[in-house]
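Here's the structure, in structure tokens; my notes come after.
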Amino acid sequence: AQSVTQLDSHVSVSEGTPVLLRCNYSSSYSPSLFWYVQHPNKGLQLLLKYTSAATLVKGINGFEAEFKKSETSFHLTKPSAHMSDAAEYFCVVSDQGSSNTGKLIFGQGTTLQVKP
Amino acid sequence: SQTIHQWPATLVQPVGSPLSLECTVEGTSNPNLYWYRQAAGRGLQLLFYSVGIGQISSEVPQNLSASRPQDRQFILSSKKLLLSDSGFYLCAWNPGRGLYGYTFGSGTRLTVV
């Protein structure tokens, strides 16, 4: 069965410093992986996705993630944090075992705090 | 382009009252549709999903029900709300395969008092 673990529930960085949000996954299939961002009281927005093409995936707002099969990881990074990056981030894996239901499995989320 | 609409944005309801949240998708046909709930400070819990008209799958037993009366319409309902039904409800759709990910609606903040 597929699962995803976000290793940090809360990450705090200073504005202008790098961001690293960690995610490990478990999947019996070749996974599709995603990162979503949620600002307070808003819906979730797709940041980026990996679907078995290039292992380094670039997303919106300067974020990128690298798929590492040997480490079963899909960590999210950004070279320089901006105040507007403060939000909740979710790592997600597709439930490939569910045929055409398209179900996604969400991690518990990481709250990113950006200090001035 | 495809768009997803979810309403209302906020709702305050007394315990024991009924509930109806609506979600519609435009610009696509036969989408997979999903209802998620997000309790305060917690992750997302899948409540229901639908792969076609009249086809509803429930992920967890609860006080809620869902219906899909039209191809691009997904409704979340309750006959009698409980305090524990409070939370942030999100509707989402995808073309039918997991590799596409979801597009989410803007959410409904439900407070049961």
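Values as computed for the structure displayed
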| quantity | calculated |
| --- | --- |
| Charge tally in the Cβ shell below 9 Å around A:LEU56, where Lys, Arg are +1 and Asp, Glu are -1, A:LEU56 excluded | -1 |
| Extended-chain gain in nm, criterion 0.36 nm per residue less alpha-carbon gap, A:LEU20 and A:ASN41 | 5.2 nm |
| Förster radius 35 Å - calculated FRET efficiency between B:GLU59 and B:VAL12 (Cβ-Cβ, nearest 0.05) | 0.85 |
| Size-normalised alpha-carbon gyration radius of chain A, reference 2.2 N^0.38 Å | 1.03 |
| Theoretical gain in end-to-end length, B:SER67 to B:THR111 [0.36 nm per residue, Cα-Cα removed] | 13.7 nm |
| Ellipsoid equivalent to segment B:39-110 - semi-axes via the Cα gyration tensor, in Å | 21, 16, 11 |
| Sorted by Cβ neighbour density within 10 Å, fewest at the top, the residues A:LEU104, B:LEU83, A:LEU48 | B:LEU83, A:LEU48, A:LEU104 |
| Total formal charge among the other residues, if their Cβ is under 14 angstrom from that of B:PRO18, Lys/Arg +1 and Asp/Glu -1 | 0 |
| Among the listed pairs A:LYS68/A:LYS115; A:LYS42/A:LYS68; A:LYS49/B:LYS80; A:LYS49/B:LYS79; A:LYS68/A:LYS103, those beyond 28 Å (Cα-Cα) | A:LYS68/A:LYS115; A:LYS42/A:LYS68; A:LYS49/B:LYS80; A:LYS49/B:LYS79 |
| Average Cα contact separation per residue, chain A, under 8 Å, 6 or more apart, as relative contact order % | 37 percent |
| Sorted by Cβ neighbour density within 10 Å, fewest at the top, the residues B:LEU19, B:LEU33 | B:LEU19, B:LEU33 |
| Within segment B:3-112: Cβ-based charge dipole about Cα centre, in debye rounded to nearest 20 (Lys, Arg +1; Asp, Glu -1) | 160 debye |
| Order of B:ARG72, B:ARG42 - criterion: other Cβ atoms within 10 Å of each residue's Cβ, fewest first | B:ARG42, B:ARG72 |
| For B:VAL60, net neighbour charge (Lys/Arg +1, Asp/Glu -1) across residues whose Cβ lies under 14 Å away | +1 |
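Coordinate-derived values only; no laboratory data. Bear in mind the structure is a predicted one, so any value in this text is a computation, not a measurement. Note that we place each Cβ from the backbone using ideal geometry, even for glycine, and neighbour counts take in every protein chain shown.
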